[in-house]
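Have a look at the structure below, then the notes.
The values are calculated or read from the model by the stated rules, or taken from the named source; none is laboratory data. Predicted, not measured: the structure shown is a model, and the values here were computed from it. Note that each Cβ is placed from the backbone with ideal geometry, even for glycine, and that neighbours are counted across all protein chains shown.
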Amino acid sequence: MIESLLIKNVNIAFPDKTVSGDVFVKDGRIEKIAPSLSENAEVVIREEGLTLLPGSIDPHVHFRDPGATHKEDLSSGSRAAASGGVTSFFDMPNTSPSTTSLETLEEKKDSASRKSLINYNFFMGATTDNLDHCLRAKNVPGIKIYVGSSTGNLLVDETELLTQFFKQSPHLIAIHSEDETLICENKERYKESTNVHDHNRIRSVEGAIKCTQRCVALALKHHARLHICHLTTEEELNFLKETNRTDLITTEVTPQHLWAFAPEVYEKWGTFAQINPPIREKRHQQALLKGLLEGHIHCIGSDHAPHTKEEKQQSFGKAPSGMPGVETSLPLMLNAVNQGTFSLQQVISWCSEGPANLFNIHNKGMIKEGFDADLVLVDLKKKKTFEKSQIISKCGWSLFEGQSLTGWPIATFVNGQCVYREGDFFEEIKGKEIQLRNLKK
């Protein structure tokens with residue numbers, strides 16, 4: 001463990017500009033930022049030509065730990081994240097056992113303190129009988145409600161109970177927004193199908209917009225803080241633009257929904273492209289990209305949800321939904337910077353500052369004196385083909401393998417400690433529990 005670090009001659013990415021300078025880190029915090037510093041430091045890194053970004057905060061991962069650690073675990077997931085410039089994550093509750101009690105929440109946090117290279121926290125999952133546990137949970141990013149069915153007993157779609165969560169919750173409510181009734185009706189209609197293109201018909205646009213409208217109405221009525229996970233439809237985006245209540249209602253988008261579209265993605269990848277909610281037609285992809293650029297979508301979440309190749313190569317109807325993404329999320333965004341689609345400042349807003357603000361994360365998301373030294377050095381000009389052999393996630397595959405991307409993380413620092421550098425991991429370093437400020441309701 002190093003007590004002090006001086007990073008010299010880098011391009012420092014701030015929210016409004018990028019300037020050349022030095023950053024001095026002491027005891028895990030950014031102590032000084034200036035054009036030139038001469039502080040004595042235990043470690044001095046000279047990285048002329050590289051760019052220093054605030055570490056990415058991924059508010060939506062499924063690290064499968066406990067219960068399905070053959071797909072991923074907190075150690076392998078955090079390694080994949082660190083290699084992609086992610087320094088903090090929020091893990092979803094659909095593990096086995098699910099994170100639906102105060103006991104399972106604390107067990108997960110304890111496990112992460114021993115396994116995770118990067119900073120961590122965990123959503124509480126809502127069920128039909130754990131409202132009290134959700135209300136009493138401390139230091140959580142929110143309550144995750146699956147209004148469309150997920151794993152085990154993680155389904156809350158009955159209006160009276162949903163209302164109680166929105167009415168009473170002191171926490172942000174994050175929803176998987178798909179209407180369960182429509183999903184069940186469509187599943188029955190396509191129950192004999194082995195055509196992966198029917199996934200979009202089962203988990204339809206109508207089901208997504210219906211559920212989003214329902215939950216937004218509850219949030220407005222009860223003045224509840226609502227975050228809509230992985231937005232996928234033009235209809236939902238237009239509805240949220242018209243509602244225009246970003247003080248209460250925010251949303252995220254995944255890179256796979258930004259850069260892939262149907263039917264082409266299913267023709268190329270088959271069931272490997274099957275995720276919930278689905279990758280939809282090009283009009284939705286283009287609307288999501290425009291919505292992000294216009295400020296109607298507020299952050300990037302990878303929805304990293306890995307399954308093994310053996311599981312995913314099963315026929316439609318048997319193959320599980322989900323794909324990896326935590327290690328490619330930032331490189332895909334940096335590639336878009338090089339293509340002129342985004343500015344670097346937009347990327348750090350969506351990947352770092354935005355999540356910190358949306359989830360009330362204390363002292364993270366910016367390169368600022370007094371903030372935690374969660375940092376990533378990137379080479380914006382490095383061009384590399386993302387090969388299967390380079391994949392860190394246990395699942396061993398990616399929708400983006402074989403693609404040539406420009407802009408890659410070189411080194412990742414968590415609380416002032418280097419956890420990753422050009423393919424090497426420093427396993428003795430462990431992240432910390434992310435501290436969150438309470439919502440005012």
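Here are some notes:
- Among residues of segment 363-402, those that are part of a loop (DSSP other than H, G, I, E, B) and touching a strand residue (DSSP E or B) at 6+ places or on another chain (Cβ under 7 Å), counted: 14
- Residue among Lys394, Lys382 that is modelled with pLDDT of 95 or more, on the phi < 0 side of the Ramachandran plot and over 20 Å from the mean Cα position of the chain (by Cα): Lys382
- Residue within segment 341-356 that is over 22 Å from Gly396 (Cβ atoms), at pLDDT 95 or above, surrounded by fewer than 18 Cβ atoms within 10 Å (Cβ to Cβ) and of a type in the set (D, E, K, R) present: no
- Every residue from segment 4-54 that is of a type in the set (Gly, Ala, Ser) and more than 22 Å from Val347 (Cα to Cα): Ser4, Gly28, Ala34, Ser36, Ser38, Ala41
- Index of the failed condition, Glu180 passing every other in (1) free of Cβ contacts under 8 Å to residues at least 24 places away in the same chain; (2) surrounded by fewer than 19 Cβ atoms within 10 Å (Cβ to Cβ); (3) within 27 Å of Phe272 (Cβ to Cβ): (1)
- Residue match in segment 147-160 (condition: in contact with a Lys or Arg (Cβ under 8 Å, 6 or more places away or on another chain), closer than 30 Å to Val265 by Cβ and modelled with pLDDT of 95 or more): no
- The residues listed here are Ile429, Ile410; of these, the one that is modelled with pLDDT of 95 or more, assigned to a strand (DSSP E or B) and out of contact with any Cys (no Cβ under 7 Å at 6 or more places or on another chain) is Ile410.
- Subset of segment 298-312 (residues that are surrounded by 14 or more Cβ atoms within 10 Å (Cβ to Cβ) and over 17 Å from Thr328 (Cβ atoms)): His298, Thr308, Glu311
- Residues (crowded, with 18+ Cβ neighbours inside 10 Å and in contact with an Asp or Glu (Cβ under 9 Å, 6 or more places away or on another chain)) located in segment 211-224: Cys211, Thr212
- Scanning segment 184-196 for any residue that is closer than 21 Å to Asp303 by Cβ, of a type in the set (A, V, I, L, M), touching a strand residue (DSSP E or B) at 6+ places or on another chain (Cβ under 9 Å) and in contact (Cβ under 8 Å) with a residue 60 or more places away in the chain turns up nothing.
- Near pairs, Cβ below 7 angstrom, 6+ apart or cross-chain, from segment 235-247 (within 13 Å of His298 (Cβ to Cβ)) to any residue that is assigned to a helix (DSSP H, G or I): Leu237/Ala287; Leu237/Leu288; Leu237/Gly291; Arg245/Leu220
For every residue, the table says whether it meets (1) assigned to a loop (DSSP other than H, G, I, E, B); (2) aromatic (Phe, Trp, Tyr); (3) at pLDDT 95 or above; (4) surrounded by fewer than 24 Cβ atoms within 10 Å (Cβ to Cβ).
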| residue | (1), (2), (3), (4) |
| --- | --- |
| Glu39 | yes, no, yes, yes |
| Glu48 | yes, no, no, yes |
| Leu53 | no, no, yes, no |
| Asp58 | no, no, yes, no |
| Arg64 | yes, no, yes, no |
| Ala68 | yes, no, yes, yes |
| Glu72 | yes, no, yes, no |
| Ser75 | no, no, yes, yes |
| Ser78 | no, no, yes, no |
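- Residue in segment 230-243 that is in a helix (DSSP H, G or I), in contact with a Gly (Cβ under 6 Å, 6 or more places away or on another chain) and in the same structural domain as Asp303 (by the TED database) present: yes
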